[in-house]
Amino acid sequence: MGEQKKIVCIGAGYVGGPTMAVIAYKNSECVVTVVDINQKRIDAWNSDKLPVYEPGLDDIVKHVRGKNLFFSTDVNKAIKENDIIFIAVNTPTKDYGVGQNMAADLQHWETIARQIRDVATSDKIIVEKSTLPVKTAEAMEIILNTGSNVHFEVMSNPEFLAEGTAVKDLLDPDRVLIGSRETESGQKAKKELIEIYKKWVPEKRIITTNTFSAELSKLVSNAFLAQRVSSINAISALCEATGADVQEVSKAVGADSRIGSKFLNASVGFGGSCFRKDILNLVYICRMNHLYEVATYFENIINMNHFQMQRFVDNVVRSMFNTVAGRKICIFGCAFKADTDDVRDSPAIPVAQTLIAEKAELVISDPKAMNNMKEVLGDPKNVDFVADPYEAAKDSHAILIITEWPVFSTLDYQKLFDVMVKPAYLFDGRNMVNRTECFDIGFNMYSIGKEALIH
Ligand code: NAD
Ligand code: UGA
C-alpha cells in the first residue's frame, strides 16, 4: 500500500459519517469515502443539512468535504478502489426467526462480506466499526476467504462515541480499541490502523487486543454503562418510597473514586439505539454458551429499565386521579438524550404511547427531534408538536420532562404555570428544575427519586 491511504466506510449513519469526517480532518493525506445504499442519506451528507445533528459536525464536514472526504452510493467502485474498508452498517436486534428479539441481525454484514469478496481485486484490510457479536470476525473471514484469491485481513475497531457528543468523543477519545490477529499480516494491518489514529490520539490511549477481546469489550462497555443507569434508577424508586434524595445519594456514592461520579443521573430510563440491543446481544451470546445465570444477570439491566419507564408514566396517571382522558399533557423532550435528534428507543416513546392509550391529548416539544418522533408515533390525531415550550404548555394539566435538554432548566416556570390548567403538575424525569421554587409557584411537583411535593 502506498503513502496515500485510501479509506472507505460502508454505512453513512450516526457512526460512519462523523467518524470518517474526523479521520479525514485529521489525516489530510488520506482520501476518505463514505458509501451507503440510502440515496437520501448520501444526498443529505452532500448538502447543507446533514442527516444527523451533532454539535460541531457541520464545521468539520464543511472543512473536508470535496477535498479528502467524499460521500457516494457507488459501493462497488468504493470496494474496488480502496485499501482499507471500514464497515459501520446497522446491526439491530433481530425481529424474526431464530434469536428473535435478542440476537443481532447480521444480514447487512453478510451481504457486505459477500459483496466485498465478489468485487475486490486487490488485498484489503476490513475494519469492523459496527458493534457485533464476539467472533463475527471469524465468520467474516470464512465468507471472504471462500472463493477469492485476494487477502482479507479482518480487524475489530469498535466505536465508543456517544450521540450528542460525537465530535468531542472522536476528537478526544478515552481510548481507541484495535483488535487484530497475531499473524504477520494481522500485525501489519494493526500498524496501518494505528498510523491513522496516531495523527491525533496519544499512543498510550490506543489499546490493542486480539480480535475477539475487542469485539466483546464493546458489548461489555455498553452493558456496564447501562448497568450504572439501571442501578441508580432502581435506587430512585427506593428514594421516593423512603424520603431519601437520589441526587444526594448519587453524589455521596459517586464521591468514592473507586465508583466514580459519571453515569449516576437518575432518569425516566436509558434510551438510544444501542444499550438495549447490545445487552440483548450479550444475553443471547451467554445463553448460546449455556451461561444462563450470566445471561439473567445482564438481562435484569433491561428489566429494570422497563420498570423505570413504566413506573414514571404510571405515576403520572395515578397522581392525576387515575384519569388523563381528554386532558392536555405536555411532554418536554422526545430525543433519547440531549443534543441529538435521535429518538431511537427513547423513553419518550413508551411514555407517549401509554398516555395516548389513556386518551390524553399530547403536546410534544423538543428542540431537534420532533420530526423523528412524528415518524415513530405515526402522527396520531391526539398528538401535537409545538416547538415553543410556552405555547406547548398552554392549557395543559401537566408537564413531563423526559429529555435533559439544558433549555428545560432555564425556562420561566412561573410563566408556564400561569398558562396551565390548575391544579398544575410537573413531573421532572431528569431532575432539571429547582423543585422547591416550582412547588412555591404552585406546581404539584414530582421529581424522579425524590418525595413528591403536593399542595
Ligand atoms: P445507522 O442506522 O444510523 O446507519 C447505518 C447505515 O448503514 C444506514 O445508513 C444504512 O443505509 C447503511 N447500510 C445498511 N446496509 C448497507 C449496505 N449493504 N451497503 C451500504 N450501506 C448499508 O446506524 P449507526 O447508529 O450509525 O450504527 C452503526 C453501527 O455502529 C451499529 O452496529 C451500532 O451498534 C454501532 N454504534 C453506534 C453508535 C451510535 O451512537 N449510534 C455508537 C457506537 C457504535
Ligand atoms: C452509548 C455509550 O455511551 C457510547 O459509549 C457507545 O458508543 C454508544 O452507546 C453506542 O454503542 O451506541 P449513547 O447511547 O449515544 O452512547 O448515549 P449515552 O450518553 O450513553 O446515553 C444513553 C442513555 O442513558 C440516554 O438515554 C441517557 O439519557 C441515559 N443516561 C445516561 C441516564 O439516564 N443517566 C445517566 O447518568 C447517563
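The values are calculated or read from the model by the stated rules, or taken from the named source; none is laboratory data. Worth saying up front: this structure is predicted, and the values here are computed from it rather than measured. Neighbour counts run over all protein chains shown; Cβ positions are idealised from the backbone, glycine included. Note: areas computed on protein heavy atoms with side chains; ligands, DNA, RNA excluded. Shrake-Rupley method; radii C 1.70, N 1.55, O 1.52, S 1.80 Å.
With all protein chains kept in place, the per residue accessible area of the chain amounts to 45 square angstrom at a probe of 1.4 angstrom. Farthest towards the positive end of the charge dipole of the chain, among the residues SER230, GLY186, LEU57, is the Cα of GLY186, using unit charges on the Cβ of Lys, Arg, Asp and Glu. Across the options VAL363, GLY378, VAL154, the greatest Cα extent toward the positive end of the charge dipole of the chain (unit charges at beta carbon of Lys, Arg, Asp, Glu) belongs to VAL154.
For the range 253-360, run through the chymotrypsin sites (Phe, Trp or Tyr not before Pro) and keep only the ones in DSSP coil with at most 16 other Cβ atoms within 10 Å of their Cβ. If you can, show how the numbers build up before the last one.
Details: sites: PHE263, PHE270, PHE275, TYR284, TYR292, TYR297, PHE298, PHE307, PHE312, PHE321, PHE332, PHE336; in loops: PHE263, PHE270, PHE321, PHE336.
Qualifying residues, ordered by number: PHE263, PHE321.
If we sort 66-79, 377-390 on the protection proxy, mean other Cβ atoms within 10 Å, highest first, what's the order? Don't skip to the answer; put the middle values down first.
Numbers: 66-79: 17.1, 377-390: 13.8.
By packing density, highest mean first, the sequence is 66-79, 377-390.
Taken about its Cα centre, the chain carries a charge dipole of roughly 420 debye when the Cβ of each Lys and Arg holds +1 and the Cβ of each Asp and Glu holds -1. A cut-off under 15 angstrom between Cβ atoms defines the neighbours of ILE37, and their net charge, with Lys, Arg +1 and Asp, Glu -1, is 0.
For the chain, a/c is not less than 1.5, where a ≥ b ≥ c are the root eigenvalues of the C-alpha gyration tensor, and a/b tops b/c. That puts it in the prolate class.
Placing unit charges on each Cβ (+1 for Lys and Arg, -1 for Asp and Glu) gives the chain a dipole about its Cα centre, and among LEU291, MET445, LEU416 the Cα reaching farthest toward its positive end belongs to LEU291. When a 1.4 Å probe is rolled over the protein heavy atoms, the share of accessible surface on the range 179-232 that falls to carbon and sulfur comes to 55 percent.
Spatial offset of the range 246-276 relative to the range 66-92 amounts to 37 Å, using the alpha carbon center of each. Summarising the amide proton neighbourhood of LYS94: residues at separation of 5 or more, or on other chains, whose placed amide H is nearer than 5 Å comprise ASN101, MET102, ALA103, ALA104, ASP105.
Quick one: work out the % antiparallel among DSSP beta bridges in the range 57-191, nearest 5. Spell out each step's value before the answer.
Numbers: 2 of 12 bridges.
For the range 57-191, the DSSP antiparallel bridge percentage is about 15.
Counted over the chain, the DSSP beta bridges are approximately 5% antiparallel.
Lysine pairs in the range 30-187 whose alpha-carbon atoms fall under 23 angstrom of each other, counting only those eight or more residues apart or on distinct chains, come to 20. In the chain, the DSSP-assigned H stretches of four residues or longer account for a calculated mean residue ellipticity at 222 nm of -13000 deg cm²/dmol, using -39500 (n - 2.57) per stretch and the full residue count as denominator.
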